[in-house]
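Report on the structure given below.
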Amino acid sequence: MSEHDKIRELLALAAADALTSAEETQVAEHVRSCIACSNELGAWRPIASELRRLPTPQPSSWLVQATLARAEAKLTEQAEHDWNRRVMIVFVAFALLLTIASWPVFHFVSRRFGSLLELQFSHTWICFAAFTALGWLAGGVAAVMLAIRQRGERRLA
Amino acid sequence: MAVDADVVRLRRGDLNTLPELITRYQNRLYRYLLRIVRQPAEAEDLFQQTWLRVVEKIRSFDASRNFDAWLFTLAHNLAIDHLRRIRPQSLDEPLANSWHSENLAGRIPRKDYTPLDHALAAERRSEISEAMAGLPMMYREVLTLRFEDEMKIEEIAQVTAVPVSTVKSRLRRSLEQLRYALEARYPGDTWQ
């Protein structure tokens with residue numbers, strides 16, 4: 001590709017002020033000595049100039065207010081979501097603590113009542129662990145179902 | 001007050017800056033979205049969605065970066081998702097709808113123009129608007145960002161998530177297509 005052809009490809013970008021300074025110098029030097037490219041650049045200029053002066057379409061007058069209302073609703077929802085999450089974390093931590101604390105209590109009570117009633121609880125710990133796991137599983141499923149429902153409600157809203 | 005200061009305040013949770021920011025960007029953002037989707041109702045909905053996204057993501061915005069580019073990137077992503085979902089075939093589809101409710105300031109004649117000059121200039125802008133509306137989406141986008149929003153090539157690259165070389169190539173092709181469209185629509189006019 002000759003230099004003339006290369007410069008010709010840059011002319012539209014020159015009218016758009018989208019050239020590097022090196023390219024700009026190259027184009028300016030070439031255009032000074034090449035009438036065809038000078039004319040071509042002259043043809044691009046009015047298009048670029050008119051593009052810069054296109055009328056700006058105006059949005060509806062209520063748009064800003066409507067956007068603010070939606071943004072405020074979104075922020076309220078976000079704050080509620082954050083609060084729910086914090087409460088959930090506190091509850092989960094409390095449940096965990098309660099579970100851990102209940103183990104020695106359960107152990108003590110099961111031994112005492114077991115000896116009083118002469119019952120043999122050989123699998124006490126397994127039963128207790130299974131009971132705990134079931135409780136947590138039920139809690140987890142409930143939390144997931146609640147989250148799905150809330151997401152559905154948000155989508156409908 | 002600089003936009004950056006408003007953005008920093010919004011990042012800190014000061015919601016009083018939101019109306020100011022929305023008002024400041026409303027014309028530019030709406031124009032950009034309208035150029036992409038071409039339907040005023042859709043552009044207005046996307047405008048609202050963009051600001052909701054701003055509210056949602058503002059905490060993750062790096063205040064040292066350019067807010068304009070970040071805002072337009074959010075708008076770009078939402079508009080592309082919208083077009084893919086609603087009219088996937090229309091991403092490159094030409095349309096003959098012209099703009100509506102244009103800025104009155106753009107219609108006021110400049111003092112150094114005669115009424116005839118003004119009429120000719122208005123006609124030219126109308127011709128360009130119509131020809132531009134018929135271009136593929138990515139060409140309309142690069143033209144509006146460069147000429148109407150006066151973004152730098154690097155900023156356009158950031159908004160559209162493509163390399164600078166691609167932006168330049170798109171810009172050149174969009175201008176060429178626009179010129180061909182003008183010459184085809186208005187043969188004998190003084191576009192060349």
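Pairing rule first: another cysteine's C-beta must sit under 4.7 Å. Under that rule, which cysteines of chain A stay single?
A:127
Pop the C-beta distance of residue B:23 and residue A:76 into the FRET formula with R0 = 30 Å and round what comes out to the nearest 0.05.
Calculated value: 0.90.
Straight-line reach from residue B:152: which aspartates and glutamates have Cα under 15 Å away, leaving out those fewer than 8 places along the same chain?
Within reach: A:17, B:68, B:141.
Tell me which of B:67, B:51, B:80 sits at the most positive position along the dipole axis of the range B:3-92, charges placed on C-beta atoms (Lys, Arg +1; Asp, Glu -1).
Highest projection toward the positive end goes to B:80.
Where a Cα-Cα gap under 17 Å defines reach, which aspartates and glutamates qualify for residue A:74, not counting those fewer than 8 residues away within the same chain?
Hits, sequence-local ones excluded: A:82, A:153, B:14, B:45, B:56.
Relative contact order for the range B:1-72: what is it in percent, counting Cα pairs under 8 Å that are at least 6 residues apart?
35 percent
If you take every residue apart from residue B:33 with its C-beta less than 13 Å away from the C-beta of residue B:33, what net charge results, scoring Lys and Arg +1 and Asp and Glu -1?
So the environment of residue B:33 carries a net charge of -1.
Other chains' Cβ within 10 Å of A:63-74 residues: what's the mean?
6
Averaged over peptide B:162-170, how many Cβ atoms belonging to another chain are found within 10 Å of each residue's Cβ?
Per-residue shielding by partner chains comes out at 1.
Rounded to the nearest 0.05, what FRET efficiency do residue B:162 and residue A:132 have when you use their Cβ-Cβ distance and R0 = 56 Å?
The formula returns an efficiency of 0.55 here.
Calculate the FRET efficiency for residue A:89 and residue B:14 from the Cβ-Cβ distance with a Förster distance of 22 Å, rounded to the nearest 0.05. Please list the in-between numbers first.
Working: r = 27 Å, r/R0 = 1.21.
Working from the Cβ atoms, E equals 0.25.
Tell me, what is a quarter of the convex hull surface for the C-alpha atoms of chain A, in nm² with one decimal?
21.6 nm²
FYI, it's all coordinate maths here, none of it is from the lab. Quick caveat, the model's predicted, so the values are computed rather than measured. Using ideal geometry, Cβ is built from the backbone for each residue, glycine included, and neighbour counts are taken over all protein chains shown.
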